[in-house]
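Participant: A single structure is presented below for examination.
The values are calculated or read from the model by the stated rules, or taken from the named source; none is laboratory data. Quick caveat: nothing in here was measured; it's all calculated off a predicted structure. Here Cβ is always computed from backbone atoms with ideal geometry, including for glycine, and neighbour counts include all displayed protein chains.
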């Protein structure tokens, strides 16, 4: 007698899978082992399960996928380059989600040099957008370490910052218009290249930074700028953070809007890069190499190489004379400038090679950064003796990656188990100093509970009201931002 199998509770999901395959073709609906690369964040901290990962090739196909998922009640997890720091693009563990991969939406739709705009699809790699702008004689200034693999959609979803926020702002400041697929599968075409549009609520800014919880960004119209005629780069050895803040003020006065980058780097960061990437030449030796802090500064000039160099060297000489810097290395050509920036961009990679750390992406008013670091370092050492302070970031806009490394000899699991207590101590200190617990990485799933502690009940309720209004069924990237 043949056994009768009970009806499978997964049959509705199998129906969705079949419909997705019909819509996109089997090659663009990934299941089984093909799913694995899309289930874990790049840091290896979050791992989930999913019904499938799908690769739509157009905005219309994205909308059709969303409509199918909405009809089946399947959660949707948008994913770009999967380079996020907070687990915002990783599905949960229940295996019911559809991971929406946007990599095939990678066209540059239009470059308008008369309007200084570029319209690109969400799956475009940031480096490709920079290159397309440069080929047109323009600059797209968003720049960060992951630019060779992160996508514009992810940059917009997290309102990414990077190294030139000081001059050009975050991704939100670089976006003029968006194309978005709503949770109901409708397409909002807001790709307007206007600097002024005062016609009601700004939907664009609502979607930027929402981490895929309100809809799927599929394209954007972005600002372009003239290419600088000349750039000057220098790394300076600093006696203290206070000296770095004074140097920043001097550079702002001397360069004005031409100051495009000002990065703060602790000695521990450069030591880690030297240890893990010995082929990279360190800029200082002798006593200067023992400085506790370093600054990486860049000027972009629109007049001439000579004008840029004269301005740059004058400010550096004043800074050394005033004791704000003990030494300076000035890049003599493009290759040397790239090498200095490569040192800075290698810090996260060196951190990863050193083992998992407890990372913080915080912002504090620039005038209070030195006090914040001094107070917080002391508190951490008092409660967690031997932990390592791995601190670097964008001093020019008050954003520090205030990371905590494992003490020598401590078990990694035991160290990571302390993360909630470390978070509480650091984030309490951030709040005391008038700062924010997330500057440019977003919230994702990493900081959901932290958000509840530091946002007021009214702020949280307003955010939830927006979520309910736009995504009443809660299918868009559940468990992120608002848990």
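Participant: Look at residue 224 and say whether it is crowded, with 21+ Cβ neighbours inside 10 Å, within 26 Å of the chain's Cα centre (by Cα) and farther than 30 Å from residue 207 by Cβ.
Facilitator: In short, no.
Participant: If I filter segment 424-437 for residues that are buried (at least 16 other Cβ atoms within 10 Å of the Cβ), out of contact with any helix residue (DSSP H, G or I) (no Cβ under 8 Å at 6 or more places or on another chain) and over 22 Å from residue 479 (Cα atoms), do I get at least one hit?
Facilitator: no
Participant: Give, as residue ranges, the strands (runs of 3 or more DSSP E) completely inside segment 103-208 that count at least 2 residues that are out of contact with any helix residue (DSSP H, G or I) (no Cβ under 7 Å at 6 or more places or on another chain) and within 27 Å of residue 229 (Cβ to Cβ).
Facilitator: 108-112, 117-121
The rows are residues; the columns are (1) crowded, with 22+ Cβ neighbours inside 10 Å; (2) without any contact (Cβ under 8 Å) to a residue 24 or more places away in the chain.
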residue	(1), (2)
64	no, no
86	yes, no
122	yes, no
131	no, yes
153	yes, no
156	yes, no
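Participant: Okay, moving on. Considering only residues of segment 63-98 that are over 15 Å from residue 477 (Cα atoms) and touching a strand residue (DSSP E or B) at 6+ places or on another chain (Cβ under 8 Å), which is modelled with the lowest pLDDT?
Facilitator: Only one residue tops the list, namely 85.
Participant: Those residues that are without any contact (Cβ under 8 Å) to a residue 40 or more places away in the chain and over 16 Å from residue 172 (Cα atoms), I need them from segment 185-220; list them, please.
Facilitator: Restricting attention to segment 185-220, the residues satisfying the condition of being without any contact (Cβ under 8 Å) to a residue 40 or more places away in the chain are 188-190, 192, 194-205.
Residues satisfying the conditions are 188, 189, 198, 199, 200.
Participant: Is it true that residue 358 is under 24 Å from the mean Cα position of the chain (by Cα), under 30 Å from residue 305 (Cβ atoms) and touching a residue at least 12 places away in the same chain (Cβ under 8 Å)?
Facilitator: Details: under 24 Å from the mean Cα position of the chain (by Cα): yes; under 30 Å from residue 305 (Cβ atoms): no; touching a residue at least 12 places away in the same chain (Cβ under 8 Å): yes.
Spelling it out, it is not the case that residue 358 is under 24 Å from the mean Cα position of the chain (by Cα), under 30 Å from residue 305 (Cβ atoms) and touching a residue at least 12 places away in the same chain (Cβ under 8 Å).
Participant: Can you report the number of residues in segment 361-397 which are free of Cβ contacts under 8 Å to residues at least 60 places away in the same chain and at positive phi?
Facilitator: Selection size over segment 361-397: 1.
Participant: Scan segment 317-339 for residues that are part of a helix (DSSP H, G or I), more than 30 Å from the chain's Cα centre (by Cα) and surrounded by 17 or more Cβ atoms within 10 Å (Cβ to Cβ) and jot them down.
Facilitator: Listed by number, the list holds a single entry, 319.
Participant: Take the residues in segment 111-165 that are under 13 Å from the mean Cα position of the chain (by Cα) and at positive phi, then tell me which one is modelled with the highest pLDDT.
Facilitator: 159
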